[in-house]
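For reference, the structure is listed below as structure tokens.
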Amino acid sequence: MTKKSLISGLNSQQKDAVLHTNGPLLILAGAGSGKTKVITHRFAYLTAAEKIAPTSILAMTFTNKAAKEMKERIESITKTSTKGLWIGTFHSLSARILRKEIDNIGYSSDFCIYDESDSGNLVRSILKEFKIHEALYRGISSKISSLKASLVGPDELLANEDSYGFDEKFARVYVRYQNELKKNNALDFDDLIMLTVKLCEEHPAVLKKYQKEFSHIMIDEFQDTNASQYRLTALLAGKQKNICVVGDDDQSIYKFRGAEVGHIRNFKKDFKKTKTIRLEQNYRSTQNILDIADSIIAGSPDRMPKKLWTDKGKGEKIYHCTTINEKEEARYIAQSIKELYLKGKYSYKDIAILYRVNQQSRVLEEAMREVGQPYKIFGGISFYQRKEIKDIISYLKVLANPDDSVSLKRIVNCPPRLIGTTTVTRVENEARKREEGLYKTMKHIITNSGYTNSLKDKLRDFVLMTEELIENRDINLSELIEMIYEKSGYLEWVEEGKVEILKELVSAAEGKDLRSFLDNASLFSGLDESGSEDSVSLMTLHSAKGLEFPVVFLAGIEDGLVPHFHAIKDPDELEEERRLFYVGITRAQDMLVLSGAKKRRLYTSVQEQQPSRFLTDIPSGCYHCIEKRPRGDAAISSSSVKIPVNLLNRSPFAAGARVKHPKWGVGVVRDTYGETDDVKVMVNFPSVGMKRLSLKFANLEKI
């Protein structure tokens, strides 16, 4: 490849970013400005034109989906495989370093990775032992995660307890939690980065090794880095300083996960002689959508200025609809989607409904079901979090690491083996006395006197089965999973409808080794799945980050939701809510519809709602207002209550009816919808195809 070919198709700012190969580089990439294209072309340019070894480039991002896309695009440009290269998420690449180096800090390299569910179960078991209410486990897990993201381990917490405002009970739980992780030879998500930082800071030779190995570092979505991720970045780039970060402070929306927008805003202070390049040409949205977005984000006081523009033209006007309540809002959205679909320009998969809190989805789902529209909740339970898949993954985790007591407790009585809670508690008590893991204690019990035959008999079959599986753990992974099914009796026990899903797991394991498969499964989330089915996507504004859709509905644009009521009194939180609204707006490519309700049931009560304060930042004339009111309201000239589906179905022009048109002849009604004073029908005429007609004017004759 020639240098010219590597930068062809790029605009002038994108070319500058690709060609700057030495020294720190900050790419301020506005929404839809082609940042992934820049990163991948820059990778290709470094390797092909600058002759940098591909293995010397560290490219980090935040989701497996983004990492996969990066790899695919690099392979497409370079025509070479990315297998074995340092391209992935912060967590996966940290895990890769730790697999090689973790023995330096007292862990074994065959550690297992606990996902959020595993970590939660461990916290719950500790709370139960300490006689603390188990329902508190989510809040405690969140606090532990927050501390680790800030590089505060148990020792640091105990030494500075007053600074962090946590009580003695929490400190005891945190200490015990970390001790149990180490005893189980397990790391949670936050450990992956915190311990990599610890490794680099406490072992200069290891740090020097990786500083030398990574001659160039590129980080995507840099505005989302938390303290531990930023510290790791600074350590690895500290020697050669060939670091390129790409991001947009306007899209920093993960403060609740520890992300600090100051990292991107202060990058030039931390890395001297940084070159800054702004990507402002937007390839996603129409100018009308960008103008709305710009008017919203311009109200952010400390942002790094950028002005998005596009050559796509002005596009369709933005709409803002106000309804009497959340049910009418949902009906309006569902009916609007139906009309868009029937016009034939958009498929269901081209449309997304975004909302601030998960609670909003219920009424939206009801409205979608009412009109028979397919939909999916994005970011829900992933394949690897389904109960039956999680059970088998836990079997595999125990085979890979028998010290993993959390996974052992999940499978010990699954399927049922008469090893109930009482038996497990007895084993746990014995394990604490012996200061060893559950599995070692089980093996000790069945081979030594001093224990009842009843207890030995309950544990023996499980231990013997597990030993046999451990002996075979190095066989083909798909065959190992099949062996687990056979030896455990899981397939015969599970519901019939789950068998196909379990067979899918066998296929997913084909050609994989046990350790990497378990790492990938633990680091996988619902956000990494992408369905190809034709259905409307429903998701929170946070889940929509990184996605785009031709048509976007933003529901609940009201004070208390956007911005969220928790954020209204805190200026920093309020600005993050502004950025979140901006992110939602910039997901839209062609059409954007904002909606809100005058009354909404939130949590336990119906509340009077006011339009979002952010809407006042939009200049008048930038969007078209619609107000939907109940039938009979004197303030509106015509009714806007939709005809109920059951009444439409009883109409002589219901779907399936044959009709005759004076010009186009005989056709078949495909759908009936609309408002009470203007019912519309979609009719398929063999002579001219699908036509949308108003019954008031069409002169249709039922035949």
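The values are calculated or read from the model by the stated rules, or taken from the named source; none is laboratory data. Computed from a predicted model, the values in this text were never measured in an experiment. When we count neighbours, we look across all protein chains shown, and the Cβ atoms used for this are built from the backbone with ideal geometry, even at glycine. These area figures cover heavy atoms from the full protein model, side chains too; ligands, DNA and RNA do not enter into them. Shrake-Rupley method; radii C 1.70, N 1.55, O 1.52, S 1.80 Å.
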The residue from Ile253, Ile289 that alone is of a type in the set (A, V, I, L, M, F, W, C), under 30 Å from Lys148 (Cα atoms) and touching a Leu at 6+ places or on another chain (Cβ under 6 Å) is Ile253
Count - residues of the stretch 383-442 that are among the acidic types (Asp, Glu) and under 31 Å from the mean Cα position of the chain (by Cα): 4
Helices (runs of 4 or more DSSP H) wholly inside the stretch 22-128 containing at least 1 residues that are without any contact (Cβ under 8 Å) to a residue 60 or more places away in the chain and buried (at least 23 other Cβ atoms within 10 Å of the Cβ): 35-48, 64-78
Are any of the residues in the stretch 160-169 assigned to a helix (DSSP H, G or I) and buried (at least 18 other Cβ atoms within 10 Å of the Cβ)? no
Restricting the first residue to the stretch 499-511 and requiring it to be assigned to a helix (DSSP H, G or I), which pairs with a second residue that is small (Gly, Ala, Ser) meet a Cβ separation below 7 Å and a spacing of at least six or different chains? Val506/Ser478
Does Ser478 count as buried (at least 20 other Cβ atoms within 10 Å of the Cβ) and touching a helix residue (DSSP H, G or I) at 6+ places or on another chain (Cβ under 9 Å)? no
For Arg473, work out the one condition from (1) surrounded by fewer than 17 Cβ atoms within 10 Å (Cβ to Cβ); (2) assigned to a helix (DSSP H, G or I) it doesn't fulfil. (2)
Just give me the residues in the stretch 323-338 being open to solvent by 40 Å² or more (accessible area, probe 1.4 Å) and touching a strand residue (DSSP E or B) at 6+ places or on another chain (Cβ under 8 Å), in sequence order. Ile324, Asn325, Glu328, Arg331
Among Ser347, Ser405, Ser336, which is in contact (Cβ under 8 Å) with a residue 60 or more places away in the chain, under 30 Å from Asn453 (Cα atoms) and of a type in the set (Gly, Ala, Ser)? Ser405
Only one of Lys241, Lys209, Lys183, Lys255 is touching a Ser or Thr at 6+ places or on another chain (Cβ under 9 Å) and open to solvent by 30 Å² or more (accessible area, probe 1.4 Å); which? Lys183
Per the filter on the stretch 304-333, residues of a type in the set (Asp, Glu) and either closer than 10 Å to Ser595 by Cβ or free of Cβ contacts under 8 Å to residues at least 12 places away in the same chain (or both) are Glu326, Glu328, Glu329
What's the number of the condition Gly313 fails, among (1) open to solvent by 20 Å² or more (accessible area, probe 1.4 Å); (2) assigned to a helix (DSSP H, G or I)? (2)
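To keep it simple, each residue is scored yes or no on (1) modelled with pLDDT of 95 or more; (2) open to solvent by 70 Å² or more (accessible area, probe 1.4 Å).
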position	(1), (2)
Thr466	yes, no
Tyr485	yes, no
Glu500	no, yes
Leu505	no, no
Arg515	no, no
Gly526	no, no
Ser532	no, yes
Gly546	no, no
For the stretch 129-159, how many residues are open to solvent by 40 Å² or more (accessible area, probe 1.4 Å), without any contact (Cβ under 8 Å) to a residue 24 or more places away in the chain and under 22 Å from Gln229 (Cα atoms)? 3
The stretch 445-460, residues that are open to solvent by 40 Å² or more (accessible area, probe 1.4 Å) and under 20 Å from Val398 (Cβ atoms): Thr447, Lys458, Arg460
Within the stretch 564-580, identify whether any single residue is at pLDDT 95 or above and either of a type in the set (Val, Ile, Thr) or under 24 Å from Phe462 (Cβ atoms) (or both), and answer yes or no. no
